[in-house]
Structures are given as C-alpha cells and as structure tokens.
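Every number in this text was worked out from the coordinates using simple rules, so none of it is lab data. This structure is a prediction, so every number in the text was calculated from the model and none was measured. Methodologically, a virtual Cβ is constructed for each residue, glycine included, from the backbone with ideal geometry; neighbour enumeration extends over all protein chains shown.
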Amino acid sequence: MIYIAHRGASAHAPENTLEAFRLALDIGAKHFELDIHQTKDGELVVLHDDNVKKLGASSRKVSQLSCRELRALDAGSWFNTKFKGEPVPLLSEVLDLLGESSWLNIEVKEGVSVYPGIDENLLLLLKKKPTWRNRFSISSFDHPTLLKLRSLDAHIPLGYLLGFTSWRHAWKELSQLGCESLNLSWRQVSQKWVRAAHAKKMKVFVYTINSPEQVVRLEKMGVDGVFTDAPELGMPLWSALGGTN
Ligand code: G3P
Ligand code: MG
C-alpha cells in the first residue's frame, strides 16, 4: 500500500502550497498528489479550485488571471494566519522542491475545453525535467483531456479518475487509454472495481483516506494506494502507535 500526500500534507498546512509539500517531505512522504490549473498567460499553477474565492479575492477564475496577478494573492491565510502570504506555486517549483526520489500524481482539474493547450504545456514542462521521467502519473476527471494526452504520447502514465462515469462507459474509455491506475473515491470503491482493475493490470488508488480503520478495510480489498491529507498515516512508527487524526 502506498500513501500519497494529498495536496501535500494538507491536514497540517494550506493545501497545494510549497509549505504543504515541504511538510510532507519532512514527515517522510515519497508519493504526492497536486491539482493544476492554467493562468490566462499559460502558466501551470498548483491549486485546487478553478477560482480564487478561497484566497479572499472575489470569485474570479484562474483562467481570467495572469500568473502575476494570481501569485500576488495569499494562499495561506484561509488555513491559518501563520501561513499568511504563502503564494500559489508554479508546477515547476513543486517539481523542483520534491526532488529526485519522489513520485507525483498531477491531477489536471479542468481540461482542454477550459484551458486550451494545457495538455501540450504539461507534456512540454515534464520533458524539460528529465529527472522526472517515470516518476509521475497524470490523472483527470476530464476524460477527453486524458484521451488527448494519450494521443500526444503513447506511453505517458495516466490515472483515470472515475467521477460520475458509468461502469460501462469507463470500461470503454479505459480500453482506449491504457491507464496505469484507476482512481476512485472512498464511497465508490468495492471489491468488484479492484478485481476488474487488477485484471486489466491497473492499480487502484482511493481518496481521501485519513484514518487507520479505513486503511485496514482497503488493504483487505487489495487497494494499491491511498491519497491522504495526513501522510504520517503511512509512517511505520505512527501506525504502530495507533495514531489518530
Ligand atoms: O486525485 C484524487 C483526488 O484529489 C480527487 O479529488 O477534489 O481532492 O482533487 P480532489
Ligand atoms: Mg486532487
């Protein structure tokens, strides 16, 4: 079972900020997840929402802001004032911070219909970071974007976020895509999905898991990894002490 630090150590620091990723590294995490969007001027930035309401700046969309405008906002205070002034990071900054022994799941939040060219921009950025080869996976609820990515690169590792897609439709898309993993929510996962995914040589990753009891259930099901806001959940000493959140 792998433990993927969901938006960094987002139980303890503002999600998707450099502070959240630094803290996850300090805790000992080796696997990470983050969400990306694209600014008006084509920069790939790391935040969950497609708007900046949480950052205290009206409800403007990321797609309407330049990178400079977005990074002038405060991505830390909503979580705790001690993080005041923490900027929205660039994807390239997080890649540089995580270094060479990490694995990263990059979730493309909105796809090519909202952010034209995000697929090509992302592949270009990853190509510029050769040390990241084979250490990432790109996932999305937006399946046309996954199909576009697959058409651009036959080998890039993809994760299929099921969302509200029906079993039948998902299976059709999965046959076209050749994904490395099927990513499901805690409410969706079942033995049926795990068996079917494994039969297709896909791993199953489940979000968002913050308690040891949930982990025990998922381990029994044969789930391969969990996204957790509290990466200490996967650390041997903490688990042995029966830690709680
Ligand atoms: O990729 C797993 C999970 O992050 C998907 O949902 O809303 O937390 O990005 P969300
Ligand atoms: Mg996510």
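Please compute the contact order of the chain in relative form: average sequence separation of alpha-carbon pairs under 8 Å and at least six residues apart, divided by the residue count, as a percent.
Details: 482 pairs, mean separation 48.6, N = 245.
Taking the mean separation of contacting Cα pairs over the length of the chain, I get 20 percent.
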Roughly how big is the chain's charge dipole about its Cα centre, with Cβ charges of +1 (Lys, Arg) and -1 (Asp, Glu), in debye to the nearest 20? 620
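Given Cβ point charges of +1 (Lys, Arg) and -1 (Asp, Glu) and nothing else, what value in debye, to the nearest 20, does the dipole of region 119-230 about its Cα centre take?
Values: 17 positive and 10 negative charges, 66 e Å.
It comes to approximately 320 debye.
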Partner lysines whose C-alpha sits under 19 Å from that of residue 30, ignoring same-chain residues fewer than 8 away, are 129, 203
Under a cut-off of 20 Å between alpha-carbon atoms, report the aspartates and glutamates in cross-link reach of residue 82, not counting same-chain residues fewer than 8 places apart. 15, 19, 26, 74, 229
Find how many whole Å separate the alpha carbon centroid of region 1-23 from the alpha carbon centroid of region 37-70. 20
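Once you've got the Cα coordinates, tell me which of 84/127; 61/128; 127/172; 127/148; 53/148; 192/220 are over 24 Å apart.
84/127; 61/128; 127/172; 53/148
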